[in-house]
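Report on the following structure.
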Amino acid sequence: MDAEKAAPGIEPLAAPPRKAGCKLFSLRCWLVFALLALGAWLGGQAGSGDRRRKPFRSALFPQPAAAAGDNASSAAAPPATGEAPVPAAPPATGEAVPAAAQFPSVVYENAPVLVGYNSFTPYEPENPRFGTCMFLYMALYAAEHKVNFVFYVAPKDPPPAPANLNELPTGCRSTEYCRHGKSFGGCHRRSCVGPKGCLLHPVWCKVKAVRTAHAAFTTAPFIIWLDTDTFVRFDDFHRSVATVIPDILSKRGSPLAEKPFVANQERPSWWTNKVNSTQGQLGVHYRHVINSGVFIVGAGPGGAKVIDTWWNSSLEDYSVDPLKHRWRTDWPWEQDRLLSLINEPRHGVYDIVQVLSDPSKLIQANWMAAEKRPGTCLSCLPRWRCFFYHCSDTKEMKLFWGKRTLYVAARMLQACATQTFPLEVTLTKQMPEAHVPGFPVSLKYDAGNWCPAGGWLHQLLRNVPSVTDEINERDCDYIDPTSGNAAWEKHYSMATKVLELMADRHVVTLH
(Lines give C-alpha, C1' and ligand atoms only; values in the text may rest on other atoms or scores of the structure.)
Protein backbone atom coordinates (compact mmCIF):
# COMPACT_ATOMS: atom_id res chain seq x y z
CA MET A 1 0.00 0.00 0.00
CA ASP A 2 1.36 3.45 -0.87
CA ALA A 3 2.03 5.70 2.15
CA GLU A 4 0.11 8.54 0.51
CA LYS A 5 -3.03 6.37 0.35
CA ALA A 6 -2.94 5.11 3.92
CA ALA A 7 -6.25 4.87 5.74
CA PRO A 8 -7.35 8.07 7.50
CA GLY A 9 -6.04 8.46 11.03
CA ILE A 10 -2.89 6.48 10.37
CA GLU A 11 0.23 8.55 10.12
CA PRO A 12 2.42 7.47 7.24
CA LEU A 13 5.88 6.27 8.12
CA ALA A 14 8.58 8.77 7.53
CA ALA A 15 10.90 7.80 4.73
CA PRO A 16 14.48 7.08 5.83
CA PRO A 17 17.16 9.49 4.73
CA ARG A 18 18.06 8.71 1.14
CA LYS A 19 21.64 7.66 0.49
CA ALA A 20 23.50 9.16 -2.36
CA GLY A 21 22.90 6.97 -5.42
CA CYS A 22 25.08 6.41 -8.41
CA LYS A 23 25.03 8.74 -11.28
CA LEU A 24 24.14 7.58 -14.74
CA PHE A 25 27.68 7.43 -16.09
CA SER A 26 29.44 6.45 -12.90
CA LEU A 27 31.60 3.31 -12.76
CA ARG A 28 29.59 1.96 -9.80
CA CYS A 29 26.31 2.01 -11.76
CA TRP A 30 27.80 0.14 -14.69
CA LEU A 31 29.32 -2.50 -12.41
CA VAL A 32 25.94 -3.07 -10.69
CA PHE A 33 24.08 -3.42 -14.00
CA ALA A 34 26.73 -5.75 -15.37
CA LEU A 35 26.56 -8.00 -12.30
CA LEU A 36 22.74 -8.14 -12.45
CA ALA A 37 22.77 -9.08 -16.12
CA LEU A 38 25.43 -11.75 -15.59
CA GLY A 39 23.51 -13.26 -12.68
CA ALA A 40 20.30 -13.37 -14.70
CA TRP A 41 22.03 -15.10 -17.61
CA LEU A 42 23.66 -17.72 -15.37
CA GLY A 43 20.37 -18.37 -13.62
CA GLY A 44 18.70 -19.07 -16.94
CA GLN A 45 21.40 -21.57 -17.86
CA ALA A 46 21.45 -23.48 -14.57
CA GLY A 47 19.99 -26.96 -14.88
CA SER A 48 18.81 -26.35 -18.42
CA GLY A 49 20.42 -29.48 -19.88
CA ASP A 50 18.97 -30.00 -23.34
CA ARG A 51 16.03 -27.68 -22.78
CA ARG A 52 15.66 -24.42 -24.61
CA ARG A 53 17.09 -21.44 -22.66
CA LYS A 54 14.49 -19.34 -20.84
CA PRO A 55 13.79 -15.85 -22.15
CA PHE A 56 15.59 -13.11 -20.27
CA ARG A 57 12.36 -11.87 -18.70
CA SER A 58 11.53 -15.35 -17.46
CA ALA A 59 14.97 -15.67 -15.90
CA LEU A 60 14.51 -12.47 -13.94
CA PHE A 61 10.87 -13.10 -13.02
CA PRO A 62 10.33 -16.88 -12.91
CA GLN A 63 6.70 -17.97 -13.16
CA PRO A 64 5.17 -20.20 -10.48
CA ALA A 65 5.19 -23.93 -11.30
CA ALA A 66 2.00 -25.32 -12.78
CA ALA A 67 -0.21 -27.09 -10.34
CA ALA A 68 -0.27 -30.86 -10.49
CA GLY A 69 -2.68 -32.00 -13.15
CA ASP A 70 -2.62 -28.77 -15.19
CA ASN A 71 -1.05 -30.64 -18.08
CA ALA A 72 -2.61 -34.02 -17.45
CA SER A 73 -2.97 -36.28 -20.46
CA SER A 74 -6.38 -36.39 -22.06
CA ALA A 75 -6.02 -40.10 -22.80
CA ALA A 76 -8.53 -42.35 -21.09
CA ALA A 77 -7.59 -44.67 -18.27
CA PRO A 78 -6.25 -48.11 -19.28
CA PRO A 79 -8.85 -50.84 -19.80
CA ALA A 80 -9.94 -52.92 -16.86
CA THR A 81 -8.77 -56.18 -18.41
CA GLY A 82 -5.36 -56.53 -19.97
CA GLU A 83 -2.67 -53.94 -19.68
CA ALA A 84 -2.90 -50.97 -22.01
CA PRO A 85 0.23 -49.45 -23.49
CA VAL A 86 0.90 -45.80 -22.74
CA PRO A 87 0.22 -43.58 -25.78
CA ALA A 88 3.42 -42.43 -27.40
CA ALA A 89 4.42 -38.79 -27.67
CA PRO A 90 3.37 -37.00 -30.89
CA PRO A 91 5.89 -37.15 -33.73
CA ALA A 92 8.45 -34.40 -34.00
CA THR A 93 7.42 -33.47 -37.52
CA GLY A 94 4.07 -32.90 -39.17
CA GLU A 95 0.69 -32.59 -37.52
CA ALA A 96 0.49 -33.86 -33.95
CA VAL A 97 -1.17 -37.24 -33.47
CA PRO A 98 -4.18 -36.86 -31.15
CA ALA A 99 -4.21 -39.14 -28.13
CA ALA A 100 -6.55 -42.08 -28.56
CA ALA A 101 -9.92 -41.25 -27.07
CA GLN A 102 -9.87 -44.64 -25.42
CA PHE A 103 -8.55 -48.15 -25.79
CA PRO A 104 -10.69 -51.22 -26.34
CA SER A 105 -11.64 -52.98 -23.11
CA VAL A 106 -9.08 -55.70 -23.86
CA VAL A 107 -5.55 -54.94 -25.05
CA TYR A 108 -2.96 -57.59 -25.85
CA GLU A 109 0.58 -56.44 -25.11
CA ASN A 110 3.32 -57.13 -27.67
CA ALA A 111 0.73 -58.28 -30.21
CA PRO A 112 -0.02 -56.95 -33.72
CA VAL A 113 -2.95 -54.57 -34.23
CA LEU A 114 -5.54 -54.98 -36.99
CA VAL A 115 -7.14 -51.62 -37.76
CA GLY A 116 -10.34 -50.65 -39.57
CA TYR A 117 -12.40 -47.48 -39.89
CA ASN A 118 -15.83 -46.36 -40.99
CA SER A 119 -18.16 -43.46 -40.33
CA PHE A 120 -20.48 -45.86 -38.52
CA THR A 121 -20.13 -48.73 -36.07
CA PRO A 122 -20.33 -52.27 -37.50
CA TYR A 123 -23.79 -52.79 -35.99
CA GLU A 124 -25.43 -49.53 -37.18
CA PRO A 125 -27.82 -49.86 -40.14
CA GLU A 126 -25.81 -47.32 -42.16
CA ASN A 127 -22.74 -49.59 -42.16
CA PRO A 128 -22.31 -51.65 -45.34
CA ARG A 129 -23.70 -55.12 -44.69
CA PHE A 130 -20.76 -56.95 -46.20
CA GLY A 131 -18.52 -54.97 -43.83
CA THR A 132 -20.59 -55.99 -40.81
CA CYS A 133 -20.34 -59.67 -41.77
CA MET A 134 -16.59 -59.58 -42.39
CA PHE A 135 -16.04 -57.65 -39.15
CA LEU A 136 -17.77 -60.38 -37.13
CA TYR A 137 -15.59 -63.07 -38.71
CA MET A 138 -12.43 -61.02 -38.10
CA ALA A 139 -13.42 -60.44 -34.46
CA LEU A 140 -13.46 -64.22 -33.97
CA TYR A 141 -10.11 -64.47 -35.74
CA ALA A 142 -8.59 -61.84 -33.43
CA ALA A 143 -9.92 -63.67 -30.35
CA GLU A 144 -8.42 -66.95 -31.54
CA HIS A 145 -4.93 -65.49 -31.96
CA LYS A 146 -5.03 -62.86 -29.18
CA VAL A 147 -4.22 -59.99 -31.51
CA ASN A 148 -5.72 -56.53 -31.20
CA PHE A 149 -8.54 -55.64 -33.59
CA VAL A 150 -9.56 -51.98 -33.35
CA PHE A 151 -12.35 -50.50 -35.43
CA TYR A 152 -12.32 -46.70 -35.28
CA VAL A 153 -15.52 -44.79 -35.97
CA ALA A 154 -16.23 -41.11 -36.57
CA PRO A 155 -17.66 -38.92 -33.78
CA LYS A 156 -21.45 -38.67 -33.86
CA ASP A 157 -21.52 -34.96 -34.67
CA PRO A 158 -20.30 -33.74 -38.07
CA PRO A 159 -17.24 -31.49 -37.86
CA PRO A 160 -17.71 -27.75 -38.39
CA ALA A 161 -16.40 -26.07 -41.50
CA PRO A 162 -12.78 -24.96 -41.02
CA ALA A 163 -12.42 -21.37 -39.80
CA ASN A 164 -9.17 -20.86 -41.73
CA LEU A 165 -10.60 -21.92 -45.10
CA ASN A 166 -8.81 -19.12 -46.96
CA GLU A 167 -5.47 -20.54 -45.80
CA LEU A 168 -6.22 -24.08 -46.97
CA PRO A 169 -5.92 -25.60 -50.45
CA THR A 170 -8.85 -26.27 -52.75
CA GLY A 171 -11.19 -29.07 -51.62
CA CYS A 172 -11.12 -28.57 -47.83
CA ARG A 173 -14.66 -27.35 -47.35
CA SER A 174 -16.95 -30.34 -47.91
CA THR A 175 -18.85 -31.66 -44.89
CA GLU A 176 -21.14 -34.24 -46.51
CA TYR A 177 -20.45 -37.12 -48.87
CA CYS A 178 -22.46 -39.82 -50.58
CA ARG A 179 -20.85 -42.72 -52.36
CA HIS A 180 -21.98 -45.73 -54.39
CA GLY A 181 -25.63 -45.67 -53.24
CA LYS A 182 -27.41 -47.45 -50.43
CA SER A 183 -25.84 -50.86 -50.98
CA PHE A 184 -22.48 -49.40 -49.97
CA GLY A 185 -23.72 -47.66 -46.86
CA GLY A 186 -25.51 -44.62 -48.23
CA CYS A 187 -24.46 -41.11 -47.28
CA HIS A 188 -21.47 -40.36 -45.12
CA ARG A 189 -22.08 -37.17 -43.18
CA ARG A 190 -18.88 -37.23 -41.17
CA SER A 191 -15.95 -35.72 -43.01
CA CYS A 192 -12.45 -36.56 -41.88
CA VAL A 193 -10.75 -33.67 -40.09
CA GLY A 194 -7.35 -33.58 -41.75
CA PRO A 195 -4.14 -31.62 -41.24
CA LYS A 196 -4.71 -27.96 -40.27
CA GLY A 197 -8.45 -28.61 -40.02
CA CYS A 198 -8.93 -29.40 -43.72
CA LEU A 199 -12.13 -31.42 -44.16
CA LEU A 200 -11.27 -34.47 -46.26
CA HIS A 201 -13.34 -37.27 -47.70
CA PRO A 202 -14.17 -39.85 -44.96
CA VAL A 203 -11.90 -42.46 -46.54
CA TRP A 204 -8.88 -40.35 -45.56
CA CYS A 205 -9.56 -41.23 -41.92
CA LYS A 206 -8.09 -44.69 -42.55
CA VAL A 207 -4.70 -42.95 -42.49
CA LYS A 208 -5.69 -41.01 -39.37
CA ALA A 209 -6.84 -44.23 -37.67
CA VAL A 210 -3.54 -45.97 -38.38
CA ARG A 211 -1.58 -42.95 -37.11
CA THR A 212 -3.60 -43.01 -33.90
CA ALA A 213 -3.15 -46.76 -33.41
CA HIS A 214 0.57 -46.53 -34.17
CA ALA A 215 1.01 -43.85 -31.49
CA ALA A 216 -1.19 -45.62 -28.94
CA PHE A 217 -0.17 -49.29 -29.17
CA THR A 218 3.48 -48.77 -28.35
CA THR A 219 4.28 -52.45 -27.74
CA ALA A 220 2.79 -53.71 -31.02
CA PRO A 221 5.40 -55.03 -33.50
CA PHE A 222 3.29 -53.76 -36.43
CA ILE A 223 -0.09 -52.34 -37.45
CA ILE A 224 -2.13 -53.83 -40.31
CA TRP A 225 -4.77 -51.78 -42.06
CA LEU A 226 -7.74 -53.74 -43.51
CA ASP A 227 -10.37 -52.21 -45.79
CA THR A 228 -13.97 -52.98 -44.84
CA ASP A 229 -14.20 -55.56 -47.66
CA THR A 230 -11.15 -57.54 -46.50
CA PHE A 231 -10.79 -60.65 -44.33
CA VAL A 232 -8.42 -63.55 -43.65
CA ARG A 233 -9.26 -66.38 -46.02
CA PHE A 234 -11.14 -69.24 -44.42
CA ASP A 235 -8.36 -71.80 -44.91
CA ASP A 236 -5.96 -69.57 -42.95
CA PHE A 237 -8.13 -68.96 -39.87
CA HIS A 238 -5.72 -71.00 -37.73
CA ARG A 239 -2.64 -69.01 -38.85
CA SER A 240 -1.77 -65.90 -36.85
CA VAL A 241 -0.70 -62.63 -38.47
CA ALA A 242 2.03 -62.52 -35.81
CA THR A 243 3.85 -65.31 -37.67
CA VAL A 244 2.40 -65.04 -41.19
CA ILE A 245 3.56 -61.47 -41.86
CA PRO A 246 7.22 -62.05 -40.84
CA ASP A 247 7.17 -65.26 -42.90
CA ILE A 248 5.88 -63.48 -46.02
CA LEU A 249 8.47 -60.72 -45.61
CA SER A 250 11.27 -63.26 -45.20
CA LYS A 251 10.30 -64.89 -48.52
CA ARG A 252 9.34 -61.90 -50.65
CA GLY A 253 10.42 -58.72 -48.90
CA SER A 254 12.63 -57.14 -46.26
CA PRO A 255 12.37 -57.13 -42.44
CA LEU A 256 10.28 -54.33 -40.99
CA ALA A 257 13.37 -53.10 -39.13
CA GLU A 258 14.88 -52.20 -42.54
CA LYS A 259 11.77 -51.13 -44.46
CA PRO A 260 9.02 -50.39 -41.93
CA PHE A 261 6.17 -49.72 -44.38
CA VAL A 262 4.71 -52.48 -46.54
CA ALA A 263 2.39 -51.58 -49.42
CA ASN A 264 0.51 -53.98 -51.66
CA GLN A 265 0.86 -54.09 -55.44
CA GLU A 266 -2.34 -53.70 -57.45
CA ARG A 267 -3.23 -56.61 -59.73
CA PRO A 268 -3.34 -56.09 -63.53
CA SER A 269 -6.42 -53.90 -64.00
CA TRP A 270 -7.71 -50.71 -65.58
CA TRP A 271 -6.13 -48.86 -62.62
CA THR A 272 -2.65 -50.18 -63.44
CA ASN A 273 -3.24 -49.34 -67.09
CA LYS A 274 -4.26 -45.79 -66.19
CA VAL A 275 -1.17 -45.24 -64.06
CA ASN A 276 1.14 -46.71 -66.68
CA SER A 277 -0.37 -44.41 -69.33
CA THR A 278 1.08 -41.39 -67.49
CA GLN A 279 4.65 -42.72 -67.20
CA GLY A 280 7.15 -39.87 -67.38
CA GLN A 281 4.62 -37.06 -67.12
CA LEU A 282 5.75 -34.30 -64.73
CA GLY A 283 8.95 -36.29 -64.36
CA VAL A 284 7.20 -39.11 -62.46
CA HIS A 285 8.18 -42.71 -63.24
CA TYR A 286 6.17 -45.42 -61.50
CA ARG A 287 7.88 -48.53 -60.15
CA HIS A 288 4.68 -49.93 -58.65
CA VAL A 289 0.93 -49.42 -58.83
CA ILE A 290 -0.50 -49.51 -55.33
CA ASN A 291 -3.73 -50.81 -53.82
CA SER A 292 -4.17 -49.35 -50.33
CA GLY A 293 -6.75 -51.93 -49.17
CA VAL A 294 -4.10 -53.65 -47.03
CA PHE A 295 -0.84 -52.15 -45.77
CA ILE A 296 1.50 -52.69 -42.82
CA VAL A 297 3.27 -50.13 -40.62
CA GLY A 298 6.17 -51.33 -38.50
CA ALA A 299 6.85 -50.07 -34.99
CA GLY A 300 9.19 -47.18 -34.36
CA PRO A 301 10.02 -43.80 -35.92
CA GLY A 302 10.48 -45.15 -39.46
CA GLY A 303 6.88 -46.36 -39.69
CA ALA A 304 5.65 -43.16 -38.06
CA LYS A 305 7.55 -41.08 -40.61
CA VAL A 306 5.87 -42.80 -43.56
CA ILE A 307 2.36 -42.55 -42.14
CA ASP A 308 2.90 -38.90 -41.11
CA THR A 309 4.21 -38.03 -44.57
CA TRP A 310 1.21 -39.73 -46.18
CA TRP A 311 -1.23 -37.88 -43.89
CA ASN A 312 0.32 -34.47 -44.53
CA SER A 313 0.51 -35.10 -48.28
CA SER A 314 -3.27 -34.66 -48.33
CA LEU A 315 -2.60 -30.89 -48.44
CA GLU A 316 -0.37 -30.99 -51.51
CA ASP A 317 -1.38 -28.93 -54.51
CA TYR A 318 -3.34 -30.85 -57.12
CA SER A 319 -0.90 -29.70 -59.82
CA VAL A 320 1.79 -32.19 -58.69
CA ASP A 321 -0.25 -35.22 -59.82
CA PRO A 322 0.20 -36.52 -63.39
CA LEU A 323 -3.07 -38.45 -62.97
CA LYS A 324 -4.93 -35.16 -62.34
CA HIS A 325 -6.84 -36.53 -59.34
CA ARG A 326 -8.60 -34.34 -56.78
CA TRP A 327 -7.71 -36.66 -53.92
CA ARG A 328 -9.08 -34.56 -51.05
CA THR A 329 -12.65 -35.13 -52.22
CA ASP A 330 -12.67 -37.68 -55.05
CA TRP A 331 -11.52 -41.23 -55.77
CA PRO A 332 -8.87 -42.62 -55.33
CA TRP A 333 -8.46 -40.37 -52.29
CA GLU A 334 -5.56 -41.45 -50.07
CA GLN A 335 -4.47 -44.17 -52.53
CA ASP A 336 -3.36 -41.50 -54.98
CA ARG A 337 -0.98 -39.97 -52.41
CA LEU A 338 0.35 -43.39 -51.34
CA LEU A 339 1.09 -44.08 -55.00
CA SER A 340 3.12 -40.86 -55.02
CA LEU A 341 4.97 -41.70 -51.78
CA ILE A 342 5.99 -45.14 -53.04
CA ASN A 343 7.24 -43.90 -56.40
CA GLU A 344 8.61 -40.37 -55.88
CA PRO A 345 11.85 -39.83 -53.91
CA ARG A 346 10.89 -36.20 -53.15
CA HIS A 347 8.79 -37.32 -50.16
CA GLY A 348 11.82 -38.62 -48.28
CA VAL A 349 10.49 -42.13 -47.59
CA TYR A 350 11.46 -43.79 -50.87
CA ASP A 351 14.12 -45.99 -49.24
CA ILE A 352 12.08 -47.22 -46.24
CA VAL A 353 9.03 -48.61 -48.07
CA GLN A 354 8.54 -51.97 -49.76
CA VAL A 355 5.87 -53.41 -52.05
CA LEU A 356 4.55 -56.99 -52.06
CA SER A 357 2.51 -59.10 -54.50
CA ASP A 358 4.04 -57.76 -57.68
CA PRO A 359 1.77 -59.13 -60.47
CA SER A 360 4.66 -59.39 -62.94
CA LYS A 361 6.42 -61.82 -60.58
CA LEU A 362 3.51 -63.65 -59.02
CA ILE A 363 0.10 -63.13 -60.56
CA GLN A 364 0.41 -61.87 -64.11
CA ALA A 365 2.81 -64.59 -65.23
CA ASN A 366 0.78 -67.41 -63.68
CA TRP A 367 -2.07 -66.58 -61.34
CA MET A 368 -2.09 -70.14 -59.97
CA ALA A 369 1.40 -69.52 -58.57
CA ALA A 370 -0.13 -68.16 -55.37
CA GLU A 371 -1.70 -71.57 -54.72
CA LYS A 372 1.56 -73.35 -55.54
CA ARG A 373 3.52 -71.10 -53.19
CA PRO A 374 1.21 -70.75 -50.17
CA GLY A 375 1.99 -67.95 -47.78
CA THR A 376 3.83 -65.72 -50.24
CA CYS A 377 0.88 -63.58 -51.35
CA LEU A 378 -0.34 -60.88 -48.93
CA SER A 379 -3.62 -59.60 -50.37
CA CYS A 380 -5.63 -59.68 -53.60
CA LEU A 381 -8.98 -60.80 -55.01
CA PRO A 382 -10.26 -64.13 -53.63
CA ARG A 383 -9.34 -66.07 -56.77
CA TRP A 384 -5.64 -65.42 -56.09
CA ARG A 385 -5.95 -67.26 -52.73
CA CYS A 386 -3.77 -64.77 -50.82
CA PHE A 387 -3.72 -64.58 -47.03
CA PHE A 388 -6.16 -61.65 -47.10
CA TYR A 389 -9.16 -61.80 -49.42
CA HIS A 390 -9.75 -58.25 -50.66
CA CYS A 391 -13.16 -58.20 -52.37
CA SER A 392 -12.63 -54.93 -54.21
CA ASP A 393 -13.74 -55.84 -57.72
CA THR A 394 -17.54 -55.45 -57.82
CA LYS A 395 -20.54 -54.85 -55.60
CA GLU A 396 -21.63 -58.44 -56.25
CA MET A 397 -18.26 -59.74 -55.04
CA LYS A 398 -18.51 -57.78 -51.78
CA LEU A 399 -22.03 -59.02 -51.08
CA PHE A 400 -21.25 -62.62 -52.02
CA TRP A 401 -18.23 -62.89 -49.75
CA GLY A 402 -19.94 -60.89 -47.04
CA LYS A 403 -22.66 -63.54 -46.90
CA ARG A 404 -20.06 -66.31 -46.97
CA THR A 405 -18.32 -64.83 -43.92
CA LEU A 406 -21.64 -64.45 -42.09
CA TYR A 407 -22.48 -68.09 -42.73
CA VAL A 408 -19.13 -69.29 -41.38
CA ALA A 409 -19.23 -66.92 -38.39
CA ALA A 410 -22.84 -67.86 -37.56
CA ARG A 411 -21.96 -71.57 -37.58
CA MET A 412 -19.02 -70.84 -35.28
CA LEU A 413 -21.21 -68.86 -32.89
CA GLN A 414 -23.73 -71.71 -32.80
CA ALA A 415 -21.00 -74.16 -31.86
CA CYS A 416 -19.69 -71.74 -29.23
CA ALA A 417 -23.09 -71.21 -27.63
CA THR A 418 -23.79 -74.95 -27.43
CA GLN A 419 -20.15 -76.00 -26.97
CA THR A 420 -20.51 -78.46 -29.84
CA PHE A 421 -16.97 -79.09 -31.02
CA PRO A 422 -15.27 -79.95 -33.25
CA LEU A 423 -17.23 -78.00 -35.87
CA GLU A 424 -17.07 -78.74 -39.59
CA VAL A 425 -18.34 -76.22 -42.15
CA THR A 426 -18.49 -76.97 -45.86
CA LEU A 427 -18.71 -74.22 -48.50
CA THR A 428 -19.87 -75.28 -51.94
CA LYS A 429 -21.36 -72.20 -53.67
CA GLN A 430 -19.21 -69.86 -55.76
CA MET A 431 -19.61 -66.79 -57.92
CA PRO A 432 -19.85 -68.06 -61.51
CA GLU A 433 -17.86 -65.08 -62.86
CA ALA A 434 -15.16 -65.24 -60.16
CA HIS A 435 -14.13 -68.86 -59.71
CA VAL A 436 -11.87 -69.62 -56.74
CA PRO A 437 -9.66 -72.74 -56.90
CA GLY A 438 -10.10 -75.36 -54.22
CA PHE A 439 -13.92 -75.46 -53.82
CA PRO A 440 -15.76 -77.03 -52.16
CA VAL A 441 -13.94 -75.99 -48.98
CA SER A 442 -14.16 -78.02 -45.78
CA LEU A 443 -13.33 -76.01 -42.64
CA LYS A 444 -12.78 -77.43 -39.16
CA TYR A 445 -12.81 -75.54 -35.86
CA ASP A 446 -12.36 -76.38 -32.23
CA ALA A 447 -12.99 -74.14 -29.21
CA GLY A 448 -9.41 -72.89 -29.19
CA ASN A 449 -8.79 -69.49 -27.66
CA TRP A 450 -11.86 -67.87 -29.14
CA CYS A 451 -14.57 -69.88 -27.33
CA PRO A 452 -13.54 -71.96 -24.32
CA ALA A 453 -16.39 -73.16 -22.10
CA GLY A 454 -17.31 -70.37 -19.68
CA GLY A 455 -15.19 -67.84 -21.59
CA TRP A 456 -16.29 -64.31 -22.38
CA LEU A 457 -17.88 -65.19 -25.76
CA HIS A 458 -19.63 -68.27 -24.43
CA GLN A 459 -21.22 -66.15 -21.70
CA LEU A 460 -22.01 -63.23 -24.02
CA LEU A 461 -23.99 -65.48 -26.39
CA ARG A 462 -26.43 -66.33 -23.59
CA ASN A 463 -27.91 -62.89 -24.27
CA VAL A 464 -28.61 -63.73 -27.94
CA PRO A 465 -31.06 -66.68 -28.06
CA SER A 466 -31.35 -66.47 -31.86
CA VAL A 467 -27.73 -67.56 -32.22
CA THR A 468 -28.84 -71.19 -32.01
CA ASP A 469 -31.39 -70.85 -34.86
CA GLU A 470 -30.76 -73.25 -37.70
CA ILE A 471 -28.76 -71.85 -40.57
CA ASN A 472 -27.70 -73.37 -43.88
CA GLU A 473 -25.53 -72.19 -46.73
CA ARG A 474 -28.48 -71.34 -48.95
CA ASP A 475 -29.74 -68.80 -46.37
CA CYS A 476 -26.61 -66.78 -47.14
CA ASP A 477 -26.51 -67.40 -50.88
CA TYR A 478 -26.32 -64.18 -52.89
CA ILE A 479 -26.37 -65.94 -56.26
CA ASP A 480 -29.54 -68.05 -55.87
CA PRO A 481 -32.54 -65.70 -56.39
CA THR A 482 -34.88 -68.21 -54.72
CA SER A 483 -32.98 -68.20 -51.42
CA GLY A 484 -35.08 -66.97 -48.51
CA ASN A 485 -34.51 -63.31 -47.76
CA ALA A 486 -36.34 -63.67 -44.45
CA ALA A 487 -33.78 -66.23 -43.26
CA TRP A 488 -30.91 -63.98 -44.29
CA GLU A 489 -32.41 -60.99 -42.47
CA LYS A 490 -32.84 -63.09 -39.32
CA HIS A 491 -29.21 -64.21 -39.33
CA TYR A 492 -27.96 -60.70 -40.11
CA SER A 493 -29.99 -59.30 -37.19
CA MET A 494 -28.39 -61.90 -34.91
CA ALA A 495 -24.94 -60.82 -36.10
CA THR A 496 -25.57 -57.13 -35.33
CA LYS A 497 -26.76 -58.00 -31.80
CA VAL A 498 -23.60 -60.00 -31.14
CA LEU A 499 -21.44 -57.18 -32.49
CA GLU A 500 -23.18 -54.60 -30.35
CA LEU A 501 -22.53 -56.70 -27.24
CA MET A 502 -18.83 -57.09 -28.07
CA ALA A 503 -18.36 -53.49 -29.26
CA ASP A 504 -16.37 -52.46 -26.17
CA ARG A 505 -13.68 -54.97 -27.19
CA HIS A 506 -13.14 -53.40 -30.60
CA VAL A 507 -14.92 -50.09 -31.33
CA VAL A 508 -13.15 -46.79 -30.53
CA THR A 509 -14.19 -43.26 -31.47
CA LEU A 510 -11.58 -41.48 -33.56
CA HIS A 511 -11.02 -37.83 -32.60
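The values are calculated or read from the model by the stated rules, or taken from the named source; none is laboratory data. Every value quoted in this text rests on a predicted model; they were computed, and no experiment measured them. In this analysis, Cβ positions are derived from the backbone assuming ideal geometry, glycine residues included, and neighbour counts consider all displayed protein chains. Ligands, DNA and RNA are excluded from the accessible area calculation, which covers all protein heavy atoms including side chains. Shrake-Rupley method; radii C 1.70, N 1.55, O 1.52, S 1.80 Å.
Some points to look at:
- Residue in the range 465-499 that is modelled with the lowest pLDDT, counting only those that are in contact with a helix residue (DSSP H, G or I) (Cβ under 6 Å, 6 or more places away or on another chain) and of a type in the set (Phe, Trp, Tyr): TYR478
- Total residues in the range 248-292, condition small (Gly, Ala, Ser), surrounded by 13 or more Cβ atoms within 10 Å (Cβ to Cβ), within 24 Å of the chain's Cα centre (by Cα) and in a loop (DSSP other than H, G, I, E, B): 2
- Residue in the range 147-156 that is open to solvent by 10 Å² or more (accessible area, probe 1.4 Å) and at pLDDT 95 or above present: yes
- Residue-level analysis places GLU500 outside the set of residues that are open to solvent by 80 Å² or more (accessible area, probe 1.4 Å) and not in a helix (DSSP H, G or I).
- Any hit, the range 450-459, residues being free of Cβ contacts under 8 Å to residues at least 24 places away in the same chain and over 30 Å from PHE217 (Cα atoms): no
- The set of residues in the range 105-127 being open to solvent by less than 10 Å² (accessible area, probe 1.4 Å) and at pLDDT below 90 consists of SER119, ASN127.
- Residues located in the range 258-307, provided they are among the hydroxyl-bearing types (Ser, Thr, Tyr) and free of Cβ contacts under 8 Å to residues at least 40 places away in the same chain: SER269, SER277
- Residue that is nearest to PRO260 (Cα to Cα), among those in the range 316-334 that are open to solvent by 20 Å² or more (accessible area, probe 1.4 Å) and in a helix (DSSP H, G or I): VAL320
- Test: residue in the range 433-443 that is open to solvent by 70 Å² or more (accessible area, probe 1.4 Å) and within 24 Å of LYS490 (Cα to Cα): no
- Residues that are farther than 20 Å from SER191 by Cβ and either surrounded by fewer than 24 Cβ atoms within 10 Å (Cβ to Cβ) or aromatic (Phe, Trp, Tyr) (or both) within the range 204-219 comprise ALA215, PHE217, THR218, THR219, listed in sequence order.
- Hey, LEU457 open to solvent by less than 10 Å² (accessible area, probe 1.4 Å), among the hydrophobic types (A, V, I, L, M, F, W, C), in a helix (DSSP H, G or I) and under 30 Å from VAL193 (Cα atoms) or not: no
- Residue in the range 301-315 that is crowded, with 19+ Cβ neighbours inside 10 Å, touching a Cys at 6+ places or on another chain (Cβ under 8 Å) and either among the charged types (D, E, K, R) or part of a loop (DSSP other than H, G, I, E, B) (or both) present: no
- Pair list, Cβ under 9 Å, 6 or more apart: the range 308-319 residue modelled with pLDDT of 95 or more, other residue of a type in the set (Asp, Glu) and surrounded by fewer than 20 Cβ atoms within 10 Å (Cβ to Cβ): ASP308/GLU95; TRP311/GLU95; ASN312/GLU95
One line per residue, one yes/no per condition, for (1) of a type in the set (Phe, Trp, Tyr); (2) farther than 30 Å from PHE261 by Cβ; (3) at pLDDT 95 or above:
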residue	(1), (2), (3)
CYS386	no, no, no
TRP401	yes, no, no
GLN414	no, yes, yes
THR418	no, yes, yes
LEU423	no, yes, yes
PHE439	yes, yes, no
PRO452	no, yes, yes
LEU460	no, yes, yes
ASN463	no, yes, yes
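- Take the conditions (1) assigned to a loop (DSSP other than H, G, I, E, B); (2) loosely packed, with under 11 Cβ neighbours inside 10 Å; (3) not polar (S, T, N, Q); ALA486 misses just one of them, which is (1).
- Verdict on GLN414 being open to solvent by 80 Å² or more (accessible area, probe 1.4 Å), in a helix (DSSP H, G or I) and free of Cβ contacts under 8 Å to residues at least 60 places away in the same chain: no
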